[in-house]
Structure formats: structure tokens, C-alpha cells
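Reading through the C-alpha cells given below for one structure.
Please treat every number below as a calculation from the coordinates, not as lab data. Not measured: the values here are computed from a predicted model. Because the Cβ atoms are built from the backbone with ideal geometry, glycine has one as well, and the counts that use them run over all protein chains shown.
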Amino acid sequence: MVFLSMPSTVASIRLKRIFREKWGLFSWLAIPLVIMFLMSLIAGVGGGKLTGRLLVTDYDESTVSQFVTGGFAQGPLAEIFTVKQVEENEGKDIMDAGDASAWIIIEKGFGDAFINNHNTTIKLVKNPAQSILPQMVETSMKLLIEAASYIQVLFSKELSVLKPMLEQQKFNDADLVVLTLGIKKQIERLEETIFPPQLELIKQEVENTETEQTNISFGFLMFPGAVFMALIFSANSMAVNIWDDASNGVIPRLSSTPSALSAYFNGQVLAAFGIFSLIVLVLGLFGVLYFEIPVQKLPVMMLWLVFSGLVIYMLFCLITLLMPTTKSANIVVNATTFPLLMLGGSFFPMETMPGWLATIGQFLPNGYLLKGLKDWLVRSEPMAEVMLWPLIMGLVMFVVLWAVNRVLINRLIHKV
Amino acid sequence: MIKTQSLSKTYGQFTAADDINFEVNPGEIFGLLGPNGAGKSTTINCISGLLKPTLGEVYINGFSVLSDAIKAKASLGLVPQDLALYEDLSGQENLNFWGQAYGLTGDQLKQRIKIVLEQVGLTSRAKDLVNTYSGGMKRRLNFACAILHEPKALLLDEPTVGVDPQSREHLLTAVEALKNQGTAVLYTTHYMEEAERLCDRIAIIDHGKIIAMGTVADLRNQMGEKDLITLQGDFSEVDEATLEDFEVIEWQDQTIRFMAENAAAKLSDILSRFKPGQIKQTAVQQASLESLFIKLTGRELRD
């Protein structure tokens, strides 16, 4: 029975050794935070919310042009963009200084051209030093232009009624009633084509709306991936430490004692659990303080992250134990670590990756587990819907790898 | 206490240990001597459970290492040839770890740690990190880790390699003390003087086989009164008939080894059989364990 204490002994020894190497522990925590901060800067924000500045030079100043630029001053876009009206020279200076994400220039006659169904131009200048925010402006403009072209085709008759009103700035009630009825009639006519009743809309009240889209910042998008990065770094190091123990004779000598090597391995897993818990606690509290993650979400987030860390640790242990030497274990585990980080959403949020790359990332163990967490934590999707399958898959992976690793560790003594 | 029965270990076509049979009794130090690659470590590894024998059985304290491994290993202490320590932990922490690996806990463990630290002379350095220890101190700690649980059988695989004289003396004294307490000790070494001082019985192993076994006196008797003569030089053109009246052990272009009674008296006759300049060096060794070893294996112990 006394041998049952072996895993806790091994774990305490491992933890003691890790805590003695403070810089190693510190780097596991600090590197992900530094990378997250730098990536946030690269994305054009100061590490907090994703916000940007949009310049508008409106030479037309018509109702239509105000409709176009007004899109950025309301709704979710208003949470992100501060719209500033500027003269052309001022706009040029600000853009040259890199102090805005994008600049929209609307030429005189834009509104008329739109009403009369003539060609016209909106000029968009993007800040090349930024990627996400200028892209958001461009995409929004494309959507607006597309919507406008549909309006031109479908409501050409109504626009011709509207045109003299806009020109003279005179709106009488009778004309407005005719115009409104015309639009209503047209929508009803198109309704069967545009909105075929093939889908039933079920309204559902969402209980917790605290982390709605308004809270999503680039830093927050990166945060879960950054915690994964810390877990991956530490899992990498702790897995390779097993080979170190074999090389320095501890594992061979242990196999001559009554303690089983599987007890040693369980101790290593226990130590990894302890380290992951510490990392997740520290970074989790950072997330609560900095990204205002709701405290009630903290326990589930922490459990999920520790569990994910253990799955990744098992994967690294498998790679380590399959290798013939310490050196090859180091090389291969490191060579695995960086693709996992890059594609699995730790260096770059998957949301910013090309679709095909994000798809690959989501099928990596860390990417799959990270996506489940982010869908729940960042997008407030129902936990059962987004976390159940990753949990099941993760558990299966953990159990299978644990069983395989317990066998492999016994073979390690023959390699040294 | 330690018993091997027809122990063999093969790797494909290569036989590392071939039909090894011996028994080490309580209170006995049994030496296993052999040059590098002779099969000593393979034998030790099979006894300690690190390797599974291809054939044969090993018993420790009456328990089979193969079928009753936990009980057998509980009676066994192993001092491996290479250090097996955590250098970033203190000596005391290492002992604590290995003690628990052998199933010791609580006060019993604390007490044993105190005793073995005294035995190996490391009490004053117990709380220092191992990476601050000298090579000899590390060896002593390596030894201490194996005797914490007061094993009935102890395997020492060349424990004094690279050890300073002070540490060597500490270790040898500690081994003798264990013997006196009734521990069965299996000891491998390269140092013949250590074997002669410590071992009650010795087995000489070469190419995986035991080629001689007995007490130091028995083995010396196998040599009779013959001395070992070693000639070094250029013998590529010398006819082997030159020394046909002697027992030649080894004949190579640069080295000739042969046995001769009363070698000192016959030396001038022997040297006269060679052309001037052919012999560059001559050595005569009186009958000893070392000369027996060379006679039996054709190699020096440190080859």
C-alpha cells in the first residue's frame, strides 16, 4: 500500500524542480502574454478592444451619401469605428501618419448618380499597416454597395418619385404615402421570391448577454489561444523531462525498485496537472481583470484549459517516448509544437486565418479543444452544443494515450 | 540470497550472457570481474530486473525476479554504474525520493536518511544541491540511495569508477560494513586490488561466460607458481616456435604473453631468443589475480 504514494512523490519532486527553475516557469506564463500583446499591436490596437478610426470626406453631403457613411456610426460597427469627417488635406495627413484605419471619399454628385442609376465612385483608402480593421471597412462598403444596387433594380420606379423630392427638399404627405405604398406593394410582390417560407423562425431568449459582440476585442479573441500557448510550452518541456530522467539514469534505476514505472508516469501526469492548474489560474485571473471575463465562467474555463493541457501533454509524452534519444525527442517535440501553435489558433486567432487553414487548425487536438472553448467563452454559444464533442474526443484521446504511454515508458529503459 | 540459474541473454545472434550460474550468500561479497563488454552489466541488469533474461531464472531472497518481481526488488539495492540522481535537488531530497521508491515513509525514512548520510560521510552536505558535489561525493550519494531500505542483497556495478581515494575508502568501508551486517553483495569492478580486498569469492566472466570461479586463494592456486611475462616490440617476423617450451597466452605482432616458472631466472635465456631491437619492453608479473585474469581472458581487465 505504501507504494500508492509513489505518484505523489514523483509529482512533488517534479514540481519542486520546476519551481526551482523560476525562469522556466516564468517564461511559460510570460511568453504567451507578450506574444498576445504584440499580436494585438500588430493588429492595430493597443491590446484592449478592437477599435479604429474611419475618416470620411463627403463632397456630396446628400441623404444618400449620409446613408452610406452613417452605416459606420450605428450598430456594432459604431462600437469599433470612430467616424471623423475631414477635409481632403487633413485626411491625407492623418492617413500618411498612419493614424486611421481607412478613409472614405465620396465625390460630389454621388447621390444624384445613385438615384438616376448612373455610374459613380466611392474612393476607399486603407492603412497598409493594419489588416483586420481596413478589411472590415472594405467588406462593409461592398455590402452597402451591393444593397444599393439591389435597391436601384427593384425600386427604380419609387426612386424616380423620390428624386424630385430630394432635389427640391420638399416632402408632401400625399407623395410620401404614394411612395410608401409603392415600396410596400413591391416588397409584398417580391416576398414570395425573396423570403420563401421554407424556414421557421423560432425566437429564443438568450439568458446571459454579458459577453455579447460588444466585448469581443482582438486581445480577447487571442486570449484563450494564448493560454493554450502557455499550456503547450509547459507540456512540451515536461514531456521531454521524462526522457531526461531516462538519460540521467533515474528511470532505469527506478525499474529496479518495487515501484512500478507506471506509478512514475502517473506522478508526472499529476505534476503536469499541478502546473497546468497554476498556469490557468494565473492567466485566468488575468483574463478576468483585463478582458472582463465573467467570473462565473472562470471555473468551467479553468477546468477546460487544464483538461486540454493534459490531453496535449499526453500527446507530447507519446512523441517523446517513441523517440530513440533525448535529442531526437527534443527536436521532434519542438517541431510539433510550433505547427500546433501556429495552426491551432495560439499565434493567430483562427478568425483571422484563411478558411482552409482555419479548417486544418480546427482539426488539430489543440485547435479542436480551443474552438470549443472560444465558441462558448467568446461567442456565448450554448456549452452543450460547442463543448460536448470536444470533451468526448479529448477524453478518448487522453485515456488512449495514457494507456499507450504507460506501456511505452517501460520500453524506455532499453533505449538508454 | 542472490541466485542465478542458467541465466542467458541474447540479442539476435549475439550472446551477452551465456549460462551464468552462481549464488551469493548472506554476509558474502561476490566479485564479478571481466573486461568491458564481457557481460557483467548484462548479468547485473538481468538480476536487477532491468533486462528480462532470454533463458534461466534469477532469485533474490528466494523470490523470482521474473514471477515475483515486487517482492524480489524490495529485497534488492542497486548501485548503478552511471549516477542516477537529480542534480538539481539536494542530497537529502534525493534520498527522500529513492527511499519512497523503496517504500519507506515517515519517521522510518527520516531515520534511515540520517543513518546512511553518516555512513557515507555526507551529513554536513545533505542540504546542498547535488550539482555542487564533487564526483566522489556524488558516487557516495549514489551508493547511499541504494542502501536506504537495508536491502538483503546489494548489486554494485563498478561503484568506484572515477572516485577520489577518500571517497573510495568511504565506499569500501561501507560495503564491508554491509557485509558484516549480513547483506549479500554482488560487486563488479575494474580494480583488482578492490576485488582482492573485498571479495570472498570471485567469478571471472568473458564473452558472456563464467570462465573461472572461486575464492581469491582458489584462483591464485590455478596459476600455480607461474609468472606472467609480457614482451612488447616488433614480433611480426618471429616464429612462434621460439617460445614452444612455454605456455603462450597471446601472440600478436606487437605483444607476446606467456607463462613461465621462476621467470626472473629464465629471462636472459628468453631474451636471447630474439634479435636485437625486436623487444622494446619486458614485464614480469608474479602469480596474482591479475595475471590469472590475463591468462584466462588474454586481455587486461581494463581493456
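A few points about this structure:
- Residues considered: A:L162, A:L41, A:L133. Largest GNM mean-square fluctuation over chain A, using C-alpha springs under 10 Å, is found at A:L162.
- Shape category assigned to segment A:41-155 from the gyration tensor of Cα positions, a/c cut at 1.5: prolate
- Theoretical gain in end-to-end length, B:R220 to B:K280 [0.36 nm per residue, Cα-Cα removed]: 18.7 nm
- Considering only A:M238, A:L41, A:M342, and ranking their Cα positions along the charge dipole of chain A that arises from unit charges at the beta-carbon of Lys, Arg, Asp and Glu, the one farthest toward the positive end is A:M238.
- For A:I122, the amide hydrogen comes within under 5 Å of no other amide hydrogen, counting only partners 5 or more places away or on other chains and with H modelled in the peptide plane.
- Overall, chain B carries a charge dipole of about 1160 debye about its Cα centre when +1 sits on the Cβ of Lys and Arg and -1 on the Cβ of Asp and Glu, all other atoms neutral.
- Estimated dipole of chain A in Debye, rounded to 20 [Cβ of Lys and Arg +1, of Asp and Glu -1, Cα centre]: 2500
- With Cα atoms as the point set, the radius of gyration and Dmax of segment B:2-220 evaluate to 16.9, 51 Å.
- Taken over the alpha carbons of segment A:294-352 as equal point scatterers, the Debye sum produces base-10 log I(q)/I(0) values at 0.23, 0.26 Å⁻¹ of -0.96, -1.04.
- The protein assembly as shown: antiparallel DSSP beta bridges as a percent of all, rounded to 5: 60
- Chain A: radius of gyration and largest Cα-Cα distance (Dmax), Å: 29.1, 100
- Note: relative contact order over chain A, using C-alpha pairs below 8 Å and six or more positions apart, is 20 percent.
- Exposure proxy order (Cβ contacts within 10 Å, fewest to most) of B:F274, A:F316: B:F274, A:F316
- Each label was represented as a point 7 Å from its Cα along the Cα-to-Cβ direction; for B:K114 and A:F273 these points are 3.4 nm apart.
- For segment A:120-156 versus segment A:362-416, the inter-centroid distance based on Cα atoms is 42 Å.
- Remark: spin-label model distance A:E21-A:A129 equals 3.9 nm, labels positioned 7 Å along the Cα→Cβ axis.
- Segment B:133-168 and segment B:5-63: distance between their alpha carbon centers, rounded to Å: 21
- Were the residues from A:I42 through A:S5 laid out at 0.36 nm apart, the gain over their Cα-Cα distance would be 8.4 nm.
- Of B:A84, B:A203, B:A265, the one that fluctuates the most in a GNM where chain B has Cα springs shorter than 10 Å: B:A265
- FRET efficiency, 1/(1 + (r/R0)^6) with R0 22 Å, evaluated for B:L129 and B:D82 via beta carbons: 0.70
- Modelled spin labels at B:S272 and A:Q152, positioned 7 Å past Cα toward Cβ, are 12.7 nm from each other.
- Shape category assigned to segment B:225-286 from the gyration tensor of Cα positions, a/c cut at 1.5: prolate
- GNM result for chain A, Cα springs below 10 Å: residue of A:S259, A:S237, A:S40 fluctuating most strongly: A:S259
- Cβ-Cβ FRET estimate between A:N116 and A:T82, R0 fixed at 51 Å, reported to 0.05: 0.95
- Stretch in chain A that is longest and holds no GluC sites (Glu not before Pro) that DSSP places in a loop and that have at most 13 other beta carbons within 10 Å: A:293-416
- Gyration tensor (alpha-carbon) shape descriptor, segment A:226-273, a/c threshold 1.5: oblate
- Share antiparallel - DSSP beta bridges, segment A:52-154, percent rounded to 5: 35
- Here the alpha carbons of the protein assembly as shown define both size measures, Rg and Dmax, at 40.7, 145 Å.
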